[in-house]
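Before any comments, here is the structure.
Values in this text are rule-based calculations from the coordinates and carry no lab data. Since this is a predicted model, take the numbers as computed values, not measurements. Cβ atoms come from the backbone with ideal geometry, glycine included; neighbour counts cover every protein chain shown.
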Amino acid sequence: MTKINNRRTQKLFIILLLFQLIIYHDSSYAQIGQTSWGSLKYKKTYLRTGPSKENKVLWTYKKKGLPLRIMRKRGDWYYVEMADKEKGWVNSSQVSTKRTIIVIAEDLMPLRKNPSPNSKIIAKVEKNAIGDLLKCERIICEIDFYDVIGFVEKEFLWGVD
């Protein structure tokens, strides 16, 4: 009777182990719990079809500081979304933790001295300008555009939640 129970226990253990492996088979692709942001560290970065240097290059980005949304991680690679909605894999060595934004407003965007919507406009910023994100409140962000610091409505930016 003991041999039968041991075999049943072993079979049950193996079945449970296999079931767990099936459920978590994609665990090598760690999901980022909340939106994680970064930026391109260098002037030339490849966006690839998969998490390896052997994978095809989809795009070559040639602008240091471009913001990116990190969607998941596999080893030393991040699956990211860029501001142009392209998605692919970037090696983690190419990604900085520095938070940046890119302007997505169609028209010139006002950069204000203070967070108030009636605050003095200190500059007008073009679409696709990249700035350093200093902080964000509910609807307003403080941005540094090459040492010109001001406030912008969040809706005109890509690179923030």
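For LYS154 and TYR42 in one chain, what is 0.36 nm times their gap in residues minus the Cα-Cα distance, to one decimal in nm? Show your work: numbers first, answer last.
On the way: separation 112, 0.36 × 112 = 40.32 nm, distance 2.57 nm.
Fully extending the segment from LYS154 to TYR42 adds 37.7 nm.
What whole number of Å gives the distance from the Cα centroid of segment 63-77 to the Cα centroid of segment 137-154?
About 23 Å separates the Cα centre of segment 137-154 from the one of segment 63-77.
Can you quote the Å³ per residue value for the convex hull of the Cα atoms in segment 30-96, rounded to an integer? Could you put the intermediate results ahead of the total?
Values: hull volume 4.8 nm³, N = 67.
So the per-residue hull volume is 71 Å³.
Under the rule a/c < 1.5 gives rounded, and otherwise a/b versus b/c splits prolate from oblate, where does segment 101-158 land using the Cα gyration tensor?
Details: a/c = 1.24, a/b = 1.17, b/c = 1.06.
Rounded.
Which one of SER96, GLY75, SER36 has its Cα pushed farthest toward the positive end of the charge dipole of segment 30-96, where Lys and Arg give +1 and Asp and Glu give -1 at the Cβ?
Of SER96, GLY75, SER36, it is SER96.
Going by average Cβ neighbours within 10 Å, how do the peptides 120-131, 80-91 rank, with the highest at the top? Write out the running numbers ahead of the final one.
Details: 120-131: 15.3, 80-91: 16.9.
In descending order of packing, they fall as 80-91, 120-131.
Which value, in debye to the nearest 20, describes the size of the charge dipole of segment 96-150 about its Cα centre when Lys and Arg Cβ atoms bear +1, Asp and Glu Cβ atoms bear -1, and nothing else is charged? Please report the intermediate quantities before stating the final value.
Working: 9 positive and 8 negative charges, 34 e Å.
The dipole magnitude comes to about 160 debye.
Could you calculate the contour length gain from ILE122 to ILE104, that is, 0.36 nm times the residue separation minus the distance between their Cα atoms, to one decimal place in nm?
4.6 nm
For the pairs LYS43/LYS127; LYS43/LYS85; LYS62/LYS154; LYS53/LYS127; LYS43/LYS120, flag any whose C-alpha to C-alpha distance is greater than 30 Å. The partial results should precede the final answer.
Numbers: LYS43/LYS127 19 Å; LYS43/LYS85 19 Å; LYS62/LYS154 25 Å; LYS53/LYS127 32 Å; LYS43/LYS120 34 Å.
Going by Cα-Cα distance, LYS53/LYS127; LYS43/LYS120 fall outside the 30 Å limit.
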